[in-house]
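The values are calculated or read from the model by the stated rules, or taken from the named source; none is laboratory data. Everything numeric here is computed off the predicted structure, so don't read it as measured data. Reconstructed Cβ throughout: ideal geometry from the backbone, glycine too, with neighbour counts over all protein chains shown. Note: areas computed on protein heavy atoms with side chains; ligands, DNA, RNA excluded. Shrake-Rupley method; radii C 1.70, N 1.55, O 1.52, S 1.80 Å.
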Amino acid sequence: MKVYFVGAGPGAADLITLRGARLLGSVDMVLYAGSLVPIEMLTHCRADAEIIDTAKLDLEQQQACYVRAKEMDIDVVRLHSGDPAIYGATAEQMRRLDALGIAYEVVPGVSSFTAAAAAISAELTKPEVSQSVILTRVSGRASAVPELESIARLAEHRATMCIFLSGPHLKKIVGDLSLHYPQETPVRLVYRATWPEQKIYQGTLGTVLEDTKRGEWNLTTMMLVGAALDKEVAVESSLYSKDFTHLFRVVKKNKAEAAS
């Protein structure tokens with residue numbers, strides 16, 4: 001018996017990995033977060049599989065499902081939105097599985113932050129502009145953010161920042177970001193990336209509050225901010241330069257160039 005923590009991806013049913021879809025179609029029991037994972041994702045499951053929505057279950061009730069599966073000697077897929085490694089609440093489940101002597105495996109998925117970047121056709125890193133991506137969120141009732149990782153502190157780096165669950169907290173987030181980012185810094189909001197109801201806002205740190213209404217952007221909104229999002233910034237990597245030599249491509253120079 002084994003539990004597979006599978007990343008469902010950001011929402012679209014065809015953005016789950018081939019491995020994840022194969023596992024969904026092979027196991028007898030599937031636990032999924034119905035509040036976060038679209039029902040269409042379950043089309044990958046076997047018709048006779050037991051499918052359990054965990055949205056209303058606490059951790060002990062979910063653990064009971066694993067115990068029952070162990071007694072039946074059947075494999076389980078625990079389907080998580082996005083990638084299980086990011087805000088997945090998987091560590092606490094793994095600790096319990098360790099205590100129960102149940103084996104498990106993690107299957108990665110497409111994260112909502114990369115799906116949001118794809119939705120706005122943006123590269124999050126550009127040479128000499130930003131070579132770092134910060135993934136963070138605002139403190140909530142379920143999970144507090146350490147003070148050293150507050151948005152105001154992280155903003156000091158002025159790297160590309162992806163802020164999960166940002167919708168209800170835009171005013172505070174903008175205030176914290178404005179301590180260090182210029183007002184002309186590009187800001188993108190992506191609500192439910194890849195879902196049918198996806199919507200996008202494109203503006204700047206100085207315009208986002210004026211252009212959006214309170215309550216218009218719900219919890220499942222990704223906020224992207226940083227100079228790298230500016231399409232007018234055209235700094236290019238040397239990797240594909242015709243004059244750049246690397247392990248797989250050697251640029252031959254003529255005698256005049258070599259002498260200089």
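Please indicate, with yes or no, whether at least one residue in the stretch 35-45 is open to solvent by less than 70 Å² (accessible area, probe 1.4 Å), touching a Pro at 6+ places or on another chain (Cβ under 8 Å) and closer than 27 Å to Thr136 by Cβ.
No, the stretch 35-45 contains no residue that is open to solvent by less than 70 Å² (accessible area, probe 1.4 Å), touching a Pro at 6+ places or on another chain (Cβ under 8 Å) and closer than 27 Å to Thr136 by Cβ.
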| said: Step by step: first the residues of the stretch 94-104, then only those that are in contact with a strand residue (DSSP E or B) (Cβ under 7 Å, 6 or more places away or on another chain) and open to solvent by less than 60 Å² (accessible area, probe 1.4 Å), then the one that is nearest to Arg137 (Cα to Cα). Which residue is that? | reply: Met94
| said: Just the residues that are under 16 Å from Ala55 (Cα atoms) and among the β-branched types (Val, Ile, Thr), please, taken from the stretch 72-121. | reply: Val77, Thr90
| task | Run down Ile74, Ile52, Ile86 and say which single residue is within 19 Å of the chain's Cα centre (by Cα) and surrounded by fewer than 20 Cβ atoms within 10 Å (Cβ to Cβ). | result | Ile86
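Among the residues of the stretch 172-179, is there at least one that is open to solvent by 50 Å² or more (accessible area, probe 1.4 Å) and either modelled with pLDDT of 95 or more or of a type in the set (A, V, I, L, M) (or both)? Give the steps one after another, and end with the answer.
Here is the first cut: in the stretch 172-179, the residues open to solvent by 50 Å² or more (accessible area, probe 1.4 Å) are 172, 179.
After this cut, where a residue has to be either modelled with pLDDT of 95 or more or of a type in the set (A, V, I, L, M) (or both) as well, the list is 179.
Yes, the stretch 172-179 contains at least one residue that is open to solvent by 50 Å² or more (accessible area, probe 1.4 Å) and either modelled with pLDDT of 95 or more or of a type in the set (A, V, I, L, M) (or both).
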| task | Working only within the stretch 115-138, note down all residues that are open to solvent by 40 Å² or more (accessible area, probe 1.4 Å), within 18 Å of Ile200 (Cβ to Cβ) and touching a residue at least 60 places away in the same chain (Cβ under 8 Å). | result | Ala118, Glu123
| Taking only pairs six or more apart or across chains, which ones have beta-carbon atoms under 6 Å, a first residue in the stretch 3-24 that is modelled with pLDDT under 95 and surrounded by fewer than 24 Cβ atoms within 10 Å (Cβ to Cβ), and a second residue that is part of a helix (DSSP H, G or I) and of a type in the set (D, E, K, R)? | Ala13/Glu40
